[in-house]
Amino acid sequence: MCGRYSFAPDLKVVNEHYDITASAEDAAPNYNCAPTQMLPVIPNDQPGRLSRYRWGLIPFWAKDASIGNRLINARGETIASKPAFKNAFKRRRCLVPADAFYEWLKPDKGKLKIPFRIVLKNQPVFSMAGIWEEWKDPAGEPVRSFSIITTSPNALMAEIHDRMPVILPKEREEAWLNSTDETELQKMLEPFPAAHMDAYRI
């Protein structure tokens, strides 16, 4: 799974990567992005800006927001069939900007947890594949939320954990937001090449 990540790159880097004009407030540094926080995403209905959505997807049919606490990740292998995710996968996708994500190694499956920070080599910001939903709270106010898609680990991540977030190469970001071809979208849900990643203990 992906339960923590970092978004603290230089503002100029963010704007150049996404061809947007985000403010310092829009891209405020957060070294511990966590579930239930309002975090920057780029949704497919507003691709020219950073928007803040709640991490933990709340399906439109949910009775209350607490379900989102369990839906911070969506497995790429089953996303097209799971009731909580399938409609968003077809119609409501987003980019989740990050400069690193965190995972914990459990040696010998014991209680000890060793934290690792995982980054992309020579790339100060990258996009994780996400989906989003809009839910109305009891007062009728819209709440937008998102989930990060995960996949099987590459060779680097396999030494640390059995899952990793789907990281989109820069050239696939636009297609992730705009494609209507489910087969094409499904092909994007693959592990990022291990040769272009690095991990170190923190």
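The values are calculated or read from the model by the stated rules, or taken from the named source; none is laboratory data. This is a predicted model, so every value here is computed, not measured. Cβ coordinates were reconstructed from backbone atoms using ideal geometry, including for glycine residues, and neighbour counts include every protein chain displayed. Remember, those area values only see protein heavy atoms, side chains included, never the ligands or the DNA or RNA. Shrake-Rupley method; radii C 1.70, N 1.55, O 1.52, S 1.80 Å.
When the charge dipole of region 21-133 is built from unit charges on Cβ atoms (+1 for Lys and Arg, -1 for Asp and Glu) and taken about the Cα centre, the candidate among 40, 55, 114 whose Cα reaches farthest toward its positive end is 114. Report summary: the helix-based calculation at 222 nm, which adds -39500 (n - 2.57) for every DSSP H run with n ≥ 4 and divides by the residues of the chain, gives -3500 deg cm²/dmol.
The label point for residue 38 and the one for residue 202, both projected 7 Å from the Cα toward the Cβ, are 2.4 nm apart. Where a ≥ b ≥ c are the square roots of the eigenvalues of the C-alpha gyration tensor, would you call region 91-202 rounded, which needs a/c under 1.5, or, failing that, prolate if a/b is larger than b/c, or oblate? It is oblate, given that a/c is not under 1.5 and a/b is not larger than b/c. Once the 1.4 Å probe is applied to the protein heavy atoms, the chain comes out at 50 Å² accessible per residue. Only one residue of 126, 66, 18 has its Cα farthest out toward the positive end of the dipole of the chain, where Lys and Arg carry +1 and Asp and Glu -1 on Cβ, and that residue is 66. Under 5 Å between amide hydrogens, built in the peptide plane, is the criterion, and for residue 148 it picks out 73, 74 among residues at least 5 positions away or on other chains. Remark: spin-label model distance residue 69-residue 21 equals 4.2 nm, labels positioned 7 Å along the Cα→Cβ axis. Net charge in the neighbourhood of residue 3 (other residues with Cβ under 13 Å of its Cβ; Lys, Arg +1, Asp, Glu -1) is +3.
If the chain between residue 187 and residue 31 were fully stretched, how many nm would it gain, using 0.36 nm times the residue separation less the Cα-Cα distance?
Full-extension gain reported as 53.1 nm.
All C-alpha pair distances within region 19-66, sorted into 10 Å bins from zero, spread as 24, 45, 26, 5 percent across the bins. Note on region 75-125: semi-axes of the ellipsoid equivalent to its C-alpha gyration tensor, largest first and rounded to whole Å, are 29, 20, 7.
For the pairs 82/170; 63/86; 82/111; 82/187; 86/187, note any where the Cα-Cα span goes beyond 25 Å.
Flagged as over cut-off: 82/170; 82/111.
Quick check: net charge around residue 29, other residues with Cβ under 13 Å of its Cβ, Lys/Arg +1 and Asp/Glu -1?
Around residue 29, the charge tally is -4.
Each of the GluC sites (Glu not before Pro) that DSSP puts in a loop and that has at most 15 other Cβ atoms within 10 Å breaks the chain; the longest unbroken stretch is 78-158. Multiplying the residue separation of residue 78 and residue 170 by 0.36 nm and removing their Cα-Cα distance gives an extension gain of 30.7 nm.
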